[in-house]
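See below for the structure under consideration.
The values are calculated or read from the model by the stated rules, or taken from the named source; none is laboratory data. Given the structure is predicted, the values throughout are model-derived calculations rather than measurements. Virtual Cβ from ideal backbone geometry, glycine too; neighbours counted across all protein chains shown. Heavy atoms of the whole protein, side chains included, go into the accessibility calculation; ligands, DNA and RNA do not. Shrake-Rupley method; radii C 1.70, N 1.55, O 1.52, S 1.80 Å.
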Amino acid sequence: MDIQLLLKAALVSLFMALFMPVTSYADTNNAYQLYQQVITRQIKLESLTPEQQRQVIAIHTSLSRSSCDGCSDECRDAKEQAESYRSDLETYAKRLYRCVEGNDLTDDCYSEFRRVKSYHSDFESAVSDVSSYCD
């Protein structure tokens, strides 16, 4: 097994042990396997239970932070903020899509559009911060 993969698995286990409710090794292993399936597009995040989604997102956040070896705290924080806004933007863009797709022409989907526009603005600023802090 690749040493980098072992280190990531150990980091995930440590993160989950410290920041998630008490979980067994099997739960941690299952969550990591779900994470692998989501990032390889074998399953969709939306198809998981809310608890499984939370675990997958926690693993992703943990691994994203660890992939910033040698980064300054400002860079790490900027990346974390950008990832958060990216996730929010994706969520609201999907809501806008669903509103438009299933619309019976009684809703102009403006509230969903406004949220997408707002989160895009936040995401755009956060990406700019990543460029500034992570050079």
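What the table shows:
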quantity	calculated
First in region 82-96 and under 9 Å from Tyr119 (Cα atoms), second anywhere and open to solvent by 50 Å² or more (accessible area, probe 1.4 Å) and not charged (D, E, K, R), Cβ under 6 Å, 6 or more apart	Tyr85/Phe123; Arg86/Phe123; Asp88/Tyr119; Leu89/Tyr119; Leu89/His120; Leu89/Phe123; Tyr92/Tyr119
Close pairs from region 98-112: first within 23 Å of Glu46 (Cβ to Cβ), partner part of a loop (DSSP other than H, G, I, E, B) and open to solvent by less than 100 Å² (accessible area, probe 1.4 Å), Cβ under 6 Å, at least 6 apart	Cys99/Cys109; Val100/Cys109
Counted residues, region 85-135 - those being small (Gly, Ala, Ser) and touching a Ser or Thr at 6+ places or on another chain (Cβ under 9 Å)	1
